[in-house]
Amino acid sequence: MARVLIGVPSYGPLEPECAEGLMNLSRCGHAVGFRVQRGYKIDSQRNAICEAAIEDGYDFVLQVDSDVVLPMDALARLLDPPADVVLGCYREKRYASRGDYANVHRHVGLDYTLDSCMTADELDVPFPRVTVKGGGTGCLMVRVEALARIPKPWFSFVEYDDGQCLSEDLWFCENARRAGLTVWADTRVRCGHVGREVLWL
């Protein structure tokens, strides 16, 4: 059985639906610890969660955003089989009015845009996992040993010379792939995303 630290980066209270999902999460015999990481910047919060997982000797760290709702079997799915980097899937709130777009991006083009987002229909595949270019890390399972292969800071907002920006989660995925790691999306792990209502894929 694995030792898993579940870390929640948060500026304030967790959404009630997020807290309920964490309480109802099936542990399947795994040793699970919890940490709510407060702070001003989400990249710093995410880095602190990873550092805590290393210091406390965990095997895996699962990051869950405070507005993401895990399904009960998320932990079992994300560890079946164990991998270095696995994303759970949830609906992108910023594109909600334009369709059922997921937080995970296909290996196309140079940019992370709506055009590279996978749709809910594309996640309906006969195999449980697909490789992706990257994605939002509101549900992210990482093998702690793999963090040693990724340069620090693991999470960082980056602004390029042309003014383009890369968010901290996509920066993590880019560096993981550059380090030779595969970024997977588990199509079985369909999380809720809390907005005006809970959005599901």
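The values are calculated or read from the model by the stated rules, or taken from the named source; none is laboratory data. Just so we're clear, the structure is a prediction, and the values are computed from it rather than from any experiment. Methodologically, a virtual Cβ is constructed for each residue, glycine included, from the backbone with ideal geometry; neighbour enumeration extends over all protein chains shown.
On the given criteria, is Gly33 over 30 Å from Glu159 (Cα atoms), in a helix (DSSP H, G or I) and in contact with a strand residue (DSSP E or B) (Cβ under 6 Å, 6 or more places away or on another chain)?
Criteria not met by Gly33.
For the subset of the range 153-201 comprising residues that are of a type in the set (Phe, Trp, Tyr) and within 22 Å of Tyr40 (Cα to Cα), which member is modelled with the lowest pLDDT?
Top of the filtered list is Phe157.
A quick yes/no check of all residues on (1) under 21 Å from Asp84 (Cα atoms); (2) in contact with a Lys or Arg (Cβ under 8 Å, 6 or more places away or on another chain):
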residue: Glu17; (1), (2): no, no
residue: Met23; (1), (2): no, no
residue: Cys28; (1), (2): yes, no
residue: Ala31; (1), (2): yes, yes
residue: Gly39; (1), (2): no, no
residue: Ala48; (1), (2): yes, no
residue: Glu51; (1), (2): yes, no
residue: Tyr58; (1), (2): yes, yes
residue: Asp67; (1), (2): no, no
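When the range 78-106 is examined, which residues are found to be assigned to a helix (DSSP H, G or I) and within 12 Å of Thr119 (Cβ to Cβ)? Spell out how you get there, then give the answer.
Pass one, the range 78-106, residues assigned to a helix (DSSP H, G or I): 78, 93-98.
Selection gives Tyr95, Arg98.
Can you tell me which residue in the range 168-199 is nearest to Val125 (Cα to Cα), limited to those that are part of a loop (DSSP other than H, G, I, E, B) and in contact (Cβ under 8 Å) with a residue 24 or more places away in the chain?
Thr182
Does Arg149 satisfy being under 17 Å from the mean Cα position of the chain (by Cα) and of a type in the set (D, E, K, R)?
No; evaluated as a whole, the condition is false for this residue.
Given the residues Asp84, Asp100, Asp67, Asp121, which is the only one that is in contact with a His (Cβ under 7 Å, 6 or more places away or on another chain) and either surrounded by fewer than 19 Cβ atoms within 10 Å (Cβ to Cβ) or acidic (Asp, Glu) (or both)? I'd like the intermediate steps shown before the answer.
Values: Asp84 fails: in contact with a His (Cβ under 7 Å, 6 or more places away or on another chain); Asp100 fails: in contact with a His (Cβ under 7 Å, 6 or more places away or on another chain); Asp121 fails: in contact with a His (Cβ under 7 Å, 6 or more places away or on another chain).
Among Asp84, Asp100, Asp67, Asp121, only Asp67 is in contact with a His (Cβ under 7 Å, 6 or more places away or on another chain) and either surrounded by fewer than 19 Cβ atoms within 10 Å (Cβ to Cβ) or acidic (Asp, Glu) (or both).
If you check Arg27, Arg46, which single one turns out to be assigned to a loop (DSSP other than H, G, I, E, B), of a type in the set (D, E, K, R) and out of contact with any helix residue (DSSP H, G or I) (no Cβ under 6 Å at 6 or more places or on another chain)? Explain how you work it out, then say what you get.
Working: Arg46 fails: assigned to a loop (DSSP other than H, G, I, E, B).
That would be Arg27, the only listed residue that is assigned to a loop (DSSP other than H, G, I, E, B), of a type in the set (D, E, K, R) and out of contact with any helix residue (DSSP H, G or I) (no Cβ under 6 Å at 6 or more places or on another chain).
(1) of a type in the set (Phe, Trp, Tyr); (2) touching a residue at least 24 places away in the same chain (Cβ under 8 Å); (3) more than 22 Å from Val68 (Cα to Cα): which one isn't true of Tyr160, the others all being true?
Looking at each condition in turn, Tyr160 falls short on (2).
When the residues of the range 35-83 are filtered to those that are of a type in the set (Ser, Thr, Tyr) and modelled with pLDDT of 95 or more, which remaining residue is farthest from Val194 (Cα to Cα)?
Tyr58
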